[in-house]
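Working notes, structure below.
The values are calculated or read from the model by the stated rules, or taken from the named source; none is laboratory data. If you're wondering where the values come from, they're calculated on a predicted model, not measured in any experiment. When we count neighbours, we look across all protein chains shown, and the Cβ atoms used for this are built from the backbone with ideal geometry, even at glycine. Ligands, DNA and RNA are excluded from the accessible area calculation, which covers all protein heavy atoms including side chains. Shrake-Rupley method; radii C 1.70, N 1.55, O 1.52, S 1.80 Å.
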Amino acid sequence: MGKFKSYLRKLRDPRAANASYELLEILFIALAAMLCGAKGATDMADFGRRKIELLRLYLPLKRGVPSHDVFSDVFRMLDPEAFERVFRQFVAAFAEFHKLDLDGVIAIDGKSLRGAYERGKSATPMHLVNVFAAKARLALAARKAPRRNETEAALEILGMLRLKRKILTADALFCSRAVAKIVLDQGGHYVLALKKNQAKLFADVERCFARKGERDTAQMLELSTHDRREQRRATIMRNTTLAQRHKFPGIVAIGRITSRRRCKGKPADEPFVRYFILSKYVSAKKLLEIVRSHWSVENQMHWVLDVVFAEDRSRVRKDNAPEILAILRRLALNILRTHPEQISIQRKMNAAAWDDDFLLSLLGQKR
């Protein structure tokens, strides 16, 4: 955690020079509290008062623990882009320390903070775009979508990431020429879901699969879970003409996955067909794996943030506070997930709250 403290020291403190509490102390307490289940500024202040002796192992706390108003004010004023940059630097160092492989599938997806809206504007909450390393199961980056434009946020964040030896996966919202170009420019490859928002390209891909041609196919039968059984069949074809015809950078292959699901006691659902464009040819079996890996951003990140960290229920909404707290949650999730104890995230959080030694082991993962 000493490395994290060294990164935090690079942040510019937005408060007056004579502020009573150091920025490092405030953010360190906030992170430690979130590891124990704190949801907001009041929880963090309460945590600090009750754990002050423990916290003094890391911090001087000459003036004691800040009040909840101090936490709230700092979150509202802190520069989220600078804080997110610190987050990315720490994650890279954290992954290197734990020998985590950040290559392979990198999933990008948008998520709304449903409680982060002004009164009377519940239909327009804040949106973030998240980047998640599927193999390492780590949150890599997060950026607020300006004017709720997720594509613009994706372009900003992808321009800051090293994508060599990585395959970016995204849903159809991010299937655009600009996203494809920036992924290639950053040294990566892409597998993008294709829908009718790219109408001409979509129709052309459908026609390609309707015609005869060399292709690779593979099937996956998912074992029965929750009284349902799903079969997926992937087909992939090489195609280098679409890139030039549609002026879409980098397309070298197209993919199709047909899913059939049967629930116990019910007739089988209608087949569900999805199309993909790829900048790198892979086998049909590998395409199934890549597309399956994409959903880890939903199952292993977004779901945990909402259910365990209560992100959607948070009513923090003023100024920069929602974005700062969102980054802190992702940092806490990474630390909890990489702890070697084989228990759930919720149980790790409980253990940190109840057992000081366990909390110290979390904080000591990157000393």
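A few notes on this one:
- Between the amide H of Arg15 and any residue lying 5 or more places away or on another chain, no distance stays under 5 Å, with hydrogens modeled in the peptide plane.
- Mean Kyte hydropathy of -1.0 or more with a Cα span along the axis of at least 15 Å, helices from DSSP in the chain: 23-35, 80-97, 199-210, 284-294, 321-338
- Residues whose amide H lies under 5 Å from that of Ser67, counting only those 5 or more places away or on a different chain, are absent; hydrogens are built 1.01 Å from N in the peptide plane.
- The HN-Hα couplings worked out from phi for region 59-64 by the Karplus form 6.51 cos²θ - 1.76 cosθ + 1.60 (θ = phi - 60°) are 10, x, 6, 4, 9, x Hz, whole numbers, x standing for Gly and Pro.
- Förster radius 30 Å - calculated FRET efficiency between Ser259 and Val307 (Cβ-Cβ, nearest 0.05): 0.75
- Summarising the overall dimensions of region 86-237 from its C-alpha atoms, the Rg and Dmax are 18.3, 57 angstrom.
- Cα pair distances exceeding 26 angstrom across region 8-156, given as percent: 37 percent
- Volume per residue of the convex hull around the Cα atoms, evaluated for the chain, comes out as 157 Å³.
- Average accessible surface area per residue within the chain, 1.4 Å rolling probe, Å²: 49 Å²
- Calculated FRET value between Ser67 and Glu298, using beta carbons and R₀ = 30 Å, to 0.05: 0.20
- Estimated from the Cβ-Cβ distance and a Förster radius of 30 angstrom, the FRET efficiency linking Asp103 and Ser6 is about 0.70.
- Taking all pairs of distinct alpha-carbon atoms in region 207-330, Kirkwood radius in angstrom: 17.7 Å
- Rounded to whole numbers, the Karplus 3J(HN,Hα) couplings from phi for region 253-259 are 7, 10, x, 9, 10, 10, 10 Hz, using 6.51 cos²θ - 1.76 cosθ + 1.60 with θ = phi - 60°, and x at Gly and Pro.
- The three principal axes of the C-alpha atoms in region 180-236 carry coordinate ranges of 42, 32, 24 Å, sorted with the longest axis first.
- Under a 5 Å amide H cut-off, with hydrogens placed 1.01 Å from N, Tyr190 pairs with Leu168, Ser279, Lys280 among residues at least 5 apart or on other chains.
- Each listed q (0.17, 0.21 Å⁻¹) maps to a log10 I(q)/I(0) for region 213-269, found by the Debye formula over equal Cα scatterers with no solvent: -0.66, -0.78.
- Take the Cα of Ala93, step 7 Å toward its Cβ, do the same at Ala210, and the gap between the two points is 5.7 nm.
- Most simply put, the chain has about 85% antiparallel DSSP beta bridges, counting only bridges with both residues inside it.
- Partners of Lys5 within straight-line reach, counting lysines whose Cα lies under 23 Å from its Cα and excluding those fewer than 8 residues away in the same chain: Lys39, Lys51, Lys62, Lys99, Lys348, Lys366.
- Those aspartates and glutamates that a straight Cα-Cα span of less than 13 Å connects to Lys196, excepting residues fewer than 8 apart in one chain: Asp171, Asp204, Glu206
- Dipole of the chain [Lys/Arg +1, Asp/Glu -1 at C-beta], most positive-end residue of Ala116, Ala33, Phe174: Phe174
- When peptides 341-351, 291-301 are ranked by their average number of other Cβ atoms within 10 Å per residue, the highest-first order is 291-301, 341-351.
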